[in-house]
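Here is the structure we will look at.
The values are calculated or read from the model by the stated rules, or taken from the named source; none is laboratory data. Model, not experiment: these values are computed from the prediction. Here the Cβ positions follow ideal geometry from the backbone for every residue, glycine too, while neighbour counts run over all protein chains shown.
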Amino acid sequence: MSNNPDTKAANRRQFFKAAGLGAVAASAAGAGTIAAPSAAKAAETTLESAGYSETAHVKTYYALAK
Amino acid sequence: MARMKFLLDAERCTECNACVTACKNEHEVPWGINRRRVVTLNDGKPGERSISMACMHCTDAPCMAVCPVDCFYKTAEGVVLHSKDLCIGCGYCFYACPFGAPQYPQAGNFGTRGKMDKCTFCAGGPEASTTDASFAKYGRNRLAEGKLPLCAEMCSTKALLGGDGDVIAGIYRERVATRGYGSGAWGWATAYGAPSRT
């Protein structure tokens, strides 16, 4: 350990820099794991049908709405 | 692929509120929430118009764009639905929606609102449509039963049209041509000038 104030300051800066980079990396990794499934899910559900079909019931509605 | 849309013929709406009641009854919507409501403009004055308003299932839905947890999704027919399991009740969609469609069941401490509720075009939610859990959260799935939204189906004057956008637009176009004085739709005069009823 050095008692030189310049070295101490440099060490402290190194520590905060490392801690900051670590936090950024952790949040990016977390966001990646969360965002990836939701994006995949959105892509899947976009293709999903709500079940609409032009049944006799629906055709009657269209005919009566005129 | 059909694209589901609502279309209101303001010239025919009599402000009976039956669409509101039917929706509430069909889906057993909790107290304090109306998925659909009728708004009357210039009430009691000449030119009064009533418009039945709910989620319009926008093509580029602002609610979907602003949701921080991405709980909205769109079906192949263009129905905008959401997952109440993912919703955190933040209220962003309420502020983004130009129609005031998103509703919240409670107003608690610290701004808690509960899970957002809105019109589903009678298409349920992300879960299997026949389960009790799905019914409790999203209501009945009439689309899967081969039917259309009840509000549109039971409208006595057929002011509220719902279904395949191409078909209902065709029906509306026929009505406009038959009337012969423009659409009669609320906002028409603002956009295209006052209709001449000669």
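For this structure, a couple of remarks:
- Candidate set from the stretch B:148-159 (those that are small (Gly, Ala, Ser) and surrounded by fewer than 24 Cβ atoms within 10 Å (Cβ to Cβ)); member that is nearest to the chain's Cα centre (by Cα): B:ALA159
- Qualifying residue in the stretch B:109-120 (condition: modelled with pLDDT of 95 or more and within 14 Å of chain A (Cβ to nearest Cβ)): yes
- Selection within the stretch B:160-176: residues that are among the small types (Gly, Ala, Ser) and surrounded by 23 or more Cβ atoms within 10 Å (Cβ to Cβ). The member of this set that is farthest from the other protein chains (Cβ to nearest Cβ) is B:GLY162.
- Residues that are more than 18 Å from B:ARG3 (Cβ to Cβ), of a type outside the set (D, E, K, R) and out of contact with any Cys (no Cβ under 6 Å at 6 or more places or on another chain), drawn from the stretch B:69-80: B:VAL69
- So B:CYS93, is it among the hydrophobic types (A, V, I, L, M, F, W, C) and within 26 Å of B:THR14 (Cα to Cα): no
- Residue match in the stretch B:113-126 (condition: surrounded by fewer than 17 Cβ atoms within 10 Å (Cβ to Cβ) and either free of Cβ contacts under 8 Å to residues at least 24 places away in the same chain or more than 16 Å from B:ARG36 (Cα to Cα) (or both)): no
- Remark: B:ALA65 falls outside the filter, which requires a residue to be within 16 Å of B:ALA123 (Cβ to Cβ) and within 14 Å of chain A (Cβ to nearest Cβ).
- Here B:GLU15 qualifies as outside any strand (DSSP E or B), without any contact (Cβ under 8 Å) to a residue 40 or more places away in the chain and more than 27 Å from B:LYS115 (Cβ to Cβ).
- Residue satisfying all of: in the stretch B:1-37; exposed (fewer than 13 other Cβ atoms within 10 Å of the Cβ) and of a type outside the set (Phe, Trp, Tyr); farthest from the chain's Cα centre (by Cα) among these: B:MET1
- Residue in the stretch B:79-98 that is farther than 25 Å from B:VAL176 by Cα, touching a residue at least 60 places away in the same chain (Cβ under 8 Å) and out of contact with any Pro (no Cβ under 6 Å at 6 or more places or on another chain) present: yes
- Residue within the stretch B:47-56 that is farther than 27 Å from A:HIS57 by Cβ and among the basic types (Lys, Arg) present: yes
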